[in-house]
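The values are calculated or read from the model by the stated rules, or taken from the named source; none is laboratory data. Note that the structure is a prediction, hence the values are computed from the model and not measured. Don't worry about glycine lacking a Cβ; one is built from the backbone with ideal geometry, like all the others, and counts go over all protein chains shown. These area figures cover heavy atoms from the full protein model, side chains too; ligands, DNA and RNA do not enter into them. Shrake-Rupley method; radii C 1.70, N 1.55, O 1.52, S 1.80 Å.
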Amino acid sequence: MGKALDGVRILDFTHVQSGPTCTQLLAWLGADVIKVERPGEGDATRKQLRDIPGADSLYFTMLNHNKRSVTINTKTPGGLAVLDRLIKTCDVMVENFAPGALERMGITWQHIQALNPRMVVASVKGFGPGPYQDCKVYENVAQCAGGAASTTGEVDGMPLISGAQIGDSGTGLHLALGIVAALYQRNTTGRGQQVLAPMQDAVLNLCRVKLRDQQRLERTHTMHEYPQYPDGKFGDAVPRAGNASGGGQPGAILKCKGWETDPNAYIYFITQAAVWPAICRVIGEPGWIDDEAYATPQARLLHLKPIFRRIEQWTMGKDKFEAMDILNQLDIPCGPILSMKEIAHEPSLRASGTVVEVDHPERGKYLTVGNPIKLSDSPTEVTRSPLLGEHTDEVLAQLGFAASEIQALRAEGAI
Ligand code: COA
């Protein structure tokens with residue numbers, strides 16, 4: 001079966017996480033992704049957080065599936081000549097170098113336009129135009145500068161970084177969408193364009209509900225679904241809200257049977273208004289259905305802490321999966337706190353191709369996250385990440401370099 005992005009060729013000049021997540025997605029959608037790396041070194045993540053001496057790390061392999069690897073030293077004339085040939089024949093260049101690094105190589109927008117006016121040039125940078133535009137940025141900086149950290153954490157605790165890589169992988173996702181849109185527009189204009197996804201902006205986009213809350217707070221000086229209500233204090237900026245639900249439906253993480261020894265024996269429980277009678281009945285408080293203090297969502301907001309304490313007495317008598325089974329039958333929205341260990345063995349995620357086992361010549365078998373986006377006519381087959389420079393000769397031959405020229409480039413240290 002064909003793939004959605006069959007025929008699209010990507011010059012993948014990305015490294016670390018944000019850019020590679022973007023190009024990996026495009027590869028899964030069918031693009032031919034040619035990853036350019038520095039000879040002898042490659043993407044720094046190949047050697048970071050290694051668990052097997054000498055083998056590409058999981059950090060690298062899990063971000064670079066379905067790609068080809070070509071080594072090019074862009075600080076040599078021969079290397080730049082190969083790069084120019086790639087620019088002429090690719091549809092998209094994706095890069096996430098520090099600001100200015102690409103231009104220092106001589107690869108300016110004007111240079112690219114002169115070689116290939118149809119090329120889409122897509123970049124991740126830490127910040128967009130403004131005071132921080134020249135800064136290098138990693139994941140946690142983006143989470144802080146994009147508003148996520150100030151709004152994450154316990155009510156009285158310090159700002160917190162999320163385990164979800166919203167700065168890197170979140171920005172990579174945004175960039176991938178920008179690239180596909182630019183390719184679509186090229187169908188009518190015939191021209192490429194520049195696509196920029198700053199990490200701060202992408203994180204803020206994912207935190208837009210918190211900017212919503214900032215404006216609500218400024219207007220009303222309170223927010224009834226936050227744990228600071230009714231007896232705590234609000235300041236002038238959106239506070240941290242612990243595990244309170246972000247929407248109009250109050251929710252909390254509650255202990256389940258075994259919580260004393262299992263750090264993940266918890267369930268997320270949402271007191272959705274539509275199923276309040278069912279909640280009251282299942283926890284053994286049928287009197288709450290008509291009790292004035294609990295009968296309406298508005299009234300309940302004044303008593304959320306005792307309500308969740310009472311529900312927790314019930315959840316503590318069940319393990320999280322048992323509680324899920326009972327609550328799901330009653331249409332009560334809830335979710336178990338799953339550990340990575342549990343996720344790794346979850347049969348439905350294996351069956352859907354979201355958790356995949358891949359074989360690698362250096363590492364043997366390992367688990368990875370496959371494509372979470374499922375296209376019915378463009379199924380994803382996850383193939384292993386390339387070894388450093390594994391496809392250099394193959395790609396150069398496709399670009400029209402003769403074997404003797406490839407040999408000369410290698411002797412020059414250009415590839
Ligand atoms: N051949 C020769 N040189 C190469 C090369 C190649 N194939 N590929 C990269 N280089 C060089 C660059 O030209 C640059 O050299 P210069 O500084 O002399 O101009 C150098 O490698 C380093 O590139 P840089 O991007 O600055 O890497 P870094 O390791 O210092 O910084 C980041 C890493 C991630 C902080 C930085 O790239 C960045 O801020 N990127 C944008 C934001 C981002 O994506 N962050 C998230 C990463 S997950």
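Of the candidates D51, D56, the single residue that is open to solvent by 50 Å² or more (accessible area, probe 1.4 Å), out of contact with any strand residue (DSSP E or B) (no Cβ under 6 Å at 6 or more places or on another chain) and away from the ligand (no atom under 12 Å from the Cβ) is D51.
Considering segment 7-30, the residues that are more than 15 Å from the ligand (Cβ to nearest atom) and open to solvent by 40 Å² or more (accessible area, probe 1.4 Å) include one that is nearest to E390 (Cα to Cα), namely R9.
Tell me the residue from Y266, Y294 that is open to solvent by 30 Å² or more (accessible area, probe 1.4 Å) and more than 19 Å from P230 (Cβ to Cβ), please. Explain how you work it out, then say what you get.
Values: Y294 fails: more than 19 Å from P230 (Cβ to Cβ).
Of the residues listed, the single one that is open to solvent by 30 Å² or more (accessible area, probe 1.4 Å) and more than 19 Å from P230 (Cβ to Cβ) is Y266.
Scanning segment 31-41 finds one or more residues that are in a loop (DSSP other than H, G, I, E, B), over 22 Å from the mean Cα position of the chain (by Cα), within 12 Å of the ligand (Cβ to nearest atom) and not charged (D, E, K, R). Does at least one position in segment 317-331 carry a residue that is under 27 Å from D231 (Cβ atoms) and surrounded by 13 or more Cβ atoms within 10 Å (Cβ to Cβ)? No, that holds for no residue.
Here E103 fulfils each of the conditions (1) in contact with an Asp or Glu (Cβ under 9 Å, 6 or more places away or on another chain); (2) over 30 Å from E357 (Cα atoms) apart from (1).
Of the residues K365, K318, K341, the single one that is basic (K, R), at pLDDT 95 or above and under 21 Å from the mean Cα position of the chain (by Cα) is K341.
Go through segment 284-345 and tell me which helices (runs of 4 or more DSSP H), entirely inside it, have 2 or more residues that are of a type outside the set (G, A, S) and in contact with a strand residue (DSSP E or B) (Cβ under 6 Å, 6 or more places away or on another chain). Let's see the steps before the verdict.
Details: elements: 297-300, 304-315, 320-329, 340-344.
So the answer is 304-315, 320-329.
Screening G192 on (1) closer than 27 Å to D91 by Cα; (2) within 16 Å of the ligand (Cβ to nearest atom); (3) outside any helix (DSSP H, G or I); (4) of a type outside the set (V, I, T) shows it passes everything except condition (2). Given the criteria more than 21 Å from Q249 (Cβ to Cβ), in contact (Cβ under 8 Å) with a residue 12 or more places away in the chain, touching a His at 6+ places or on another chain (Cβ under 7 Å) and not β-branched (V, I, T), does A182 qualify? No: the conditions fail for A182. Restricting attention to segment 143-168, the residues being open to solvent by 60 Å² or more (accessible area, probe 1.4 Å), within 16 Å of the ligand (Cβ to nearest atom), in a loop (DSSP other than H, G, I, E, B) and not small (G, A, S) number 2. Take the conditions (1) part of a helix (DSSP H, G or I); (2) within 16 Å of the ligand (Cβ to nearest atom); (3) more than 30 Å from R410 (Cα to Cα); (4) open to solvent by less than 50 Å² (accessible area, probe 1.4 Å); N140 misses just one of them, which is (4).
The set of residues from segment 59-115 being assigned to a helix (DSSP H, G or I), more than 8 Å from the ligand (Cβ to nearest atom) and open to solvent by less than 20 Å² (accessible area, probe 1.4 Å) comprises F60, T61, G78, V82, L83, L86, I87, I112.
Among the conditions (1) under 21 Å from P227 (Cα atoms); (2) open to solvent by 40 Å² or more (accessible area, probe 1.4 Å), the only one that I279 does not satisfy is (2).
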